[in-house]
Each structure stands twice: as C-alpha cells, then as structure tokens.
1. For the list (1) small (Gly, Ala, Ser); (2) over 30 Å from Arg151 (Cα atoms); (3) crowded, with 22+ Cβ neighbours inside 10 Å, I need the number of the one condition that Ala75 fails.
2. Restricting to the stretch 49-71, name every residue that is crowded, with 21+ Cβ neighbours inside 10 Å and among the hydroxyl-bearing types (Ser, Thr, Tyr).
3. Name every residue in the stretch 197-212 that is among the charged types (D, E, K, R) and either in contact with a Cys (Cβ under 8 Å, 6 or more places away or on another chain) or not in a helix (DSSP H, G or I) (or both), in order of residue number.
4. Within the stretch 205-228, track down each residue that is under 30 Å from the mean Cα position of the chain (by Cα) and either charged (D, E, K, R) or over 17 Å from Leu178 (Cβ atoms) (or both).
5. Given (1) in contact with a helix residue (DSSP H, G or I) (Cβ under 8 Å, 6 or more places away or on another chain); (2) modelled with pLDDT of 75 or more; (3) farther than 28 Å from Phe115 by Cβ, identify the lone condition not met by Ser41.
6. Give Ala99, Ala46 a once-over and let me know the one that is assigned to a helix (DSSP H, G or I), of a type in the set (A, V, I, L, M, F, W, C), surrounded by 24 or more Cβ atoms within 10 Å (Cβ to Cβ) and touching a residue at least 40 places away in the same chain (Cβ under 8 Å).
7. Tell me the residue from Asn215, Asn224, Asn191 that is assigned to a helix (DSSP H, G or I) and surrounded by fewer than 17 Cβ atoms within 10 Å (Cβ to Cβ), please.
8. Kindly indicate the residue of the stretch 124-161 that is touching an Asp or Glu at 6+ places or on another chain (Cβ under 8 Å) and among the polar types (S, T, N, Q) and also surrounded by the most Cβ atoms within 10 Å (Cβ to Cβ) among those meeting that condition.
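The values are calculated or read from the model by the stated rules, or taken from the named source; none is laboratory data. The structure displayed is predicted, hence computed values, not measured ones. Cβ placement follows ideal geometry from the backbone for every residue including glycine, while neighbour counts extend to all protein chains displayed.
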Amino acid sequence: MMAWSVRTHRLVLVLGLLACVSGGCVTDDFKDIGATFFAPSPVDAARDALDPYNPDLRREGVVLLSNAPFGGVDAYLKMYRDYVANDPDPLVRAAAITALARHGDAADAILIAPFLDRRVEENETVRWYAALALQRLHNPEVVSVMETTMRDEEETGEIRAALCVAMGQYPEDRVVQLLLFGLDSRELSVNTESAESLRMLTGQEFGLDSLAWKNWYDSALASNTAFKDQQEYLYPTYSRDTSWWEYAAFWMDVSWEKPSVPTGKRSRSERRTYDDLDAEAVAEDAGTTRQVETVDDTP
C-alpha cells in the first residue's frame, strides 16, 4: 500500500477529532479546537465587548479585539480607556489595561499607573496587569507611581518583580536606587529582576551582590558614566510550545509576538499593520458606546 502523504494523515486526524467533538468529548484541547473552527466574527466580538449587562462578554470581547490586528483603531482605543477608568468589573478593567498595553500610547501609561496602588485598586489581578502594561509603555512620568508600589512591602512579589522589569527602560538615578532597594527584598523574584534591570541599564553584571552594585554605582555616578553601556530594553513576551492540535491544524499559521521596543520610544504608527478603513467599519457596525449596568451586590 502506498504511504499516505503527511497532509492526508493530518486531514484524517482532524476529521477524527471533529467527529469526537461532535460525539461529546469535552477536554480543554477539544474546546480549543472548537474555538479554532467557530471563533466569533469581528462584529460579534465588538458587540460582546459593548454588552452593558454581562461583564464576562465584555471581557471576552475586549480580549478578542485586542488580539486582532485591527484592535488598535481609535473607536476601540476609546472603549478600552473608558473601561480602564469606569468599568465596575475588575476583570474587564484588567482586559482593557492589557488592550491599551498592546495598542495604546505613552499617555496611556499615566491612565494605567494609578491602578498599581493598593489604595486605589484592591483587586490584585488588575494591579498585576497594570504592572505588565508598564513594561510595554514608556513614560518617565509613571516612575514615581512605580516607586510607591516598589516600596510597599505588603504588595505581592509578583507585582513588584514585574515593575522591576519595567524599570529597566529608565536610565535614571531614582530608578537605580529602587532597583538597589529591590536587591534587598525578601522575594527572590524581586531580587533577580532587579539585578537583570540593573544589568540592562548599566551593562554591568554583579548578580545579586547588592554591595558590589552599590560600590560600582557610586563610583560610576561620580564619573558620570553610570549609563554609558546601557543595553537596549525590549519588553518581554509570552511564548509556549506548539500544542499537538496546532500541528494537526496545518492551515493555521501559529506565531508568537516578539519582544520589542516599548511604545513611547517608538511611534504607535509603527505597529499599524491592519487596514484602518476596514477596521473602523467593523467598529461602526458594532456600535461604540454603551452604558454599563452597575449591580449592587452588597449583602
């Protein structure tokens, strides 16, 4: 018997998987496969994002739009900013913060930064995504807000470590002092990210040795050479191994975002690879305003 081609094998596998899904298989991978075949249209995603009654739909819609190539059109940016400032649901706010991190500009860092503060935002998830967003948005005006959170030892190590990463883009004395403070933190994640950002800012490598860093920095500061060997800062991105069903779905072009220069150090227009007219038409078709119903769930 002649050997089947790789494409034929994959096609048979996909058909078998579809049969299994229709027969009632309910694992996470099969749900992912179903999502691949039956993903919402852009108009549906936009309508979900504007749902005034269901925060889950709003969140899912914002996530879908922000991951789309047309997710940075002005109508959507206006919606993201409104949700960050006003949506009563913390997960919607977190999704909108992430959307602005992808598609916003340096001024959005000022909108997002207050949500780092536990006195402003009690939800840890929102604070976490605010810290991640500031890794991708460059604006020196937010350093003072980051300092407040960095010096808050009641804040989680994960959030403070994420801020240490973000500070690697600011060659300033106050930032170095914060990173030196981070080297002495009780959380190892904060220690290691502080050391890495110090390396990015100075080009030096002293690991977790805070005394060596302080001695070197005092000398370099006196000679005005502290940042002469600064490395290029690129915000980190997420990646993972390709899953088995992604191999099977041979028509999919799976790719991962690459680390890049933060917005604020480069223009937002550099990221616009979509057709503005088509994207604006989708936004207009779905509508761009809504009133969120605030539910009083006080006992």
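1. (3)
2. Of everything in the stretch 49-71, just one residue is crowded, with 21+ Cβ neighbours inside 10 Å and among the hydroxyl-bearing types (Ser, Thr, Tyr), namely Ser66.
3. If the condition is that a residue be among the charged types (D, E, K, R) and either in contact with a Cys (Cβ under 8 Å, 6 or more places away or on another chain) or not in a helix (DSSP H, G or I) (or both), then Glu205, Asp209 are the ones that fit.
4. Glu205, Gly207, Lys228
5. Only one criterion is unmet by Ser41, namely (1).
6. Ala46
7. Result of the check over Asn215, Asn224, Asn191: Asn215.
8. Thr149
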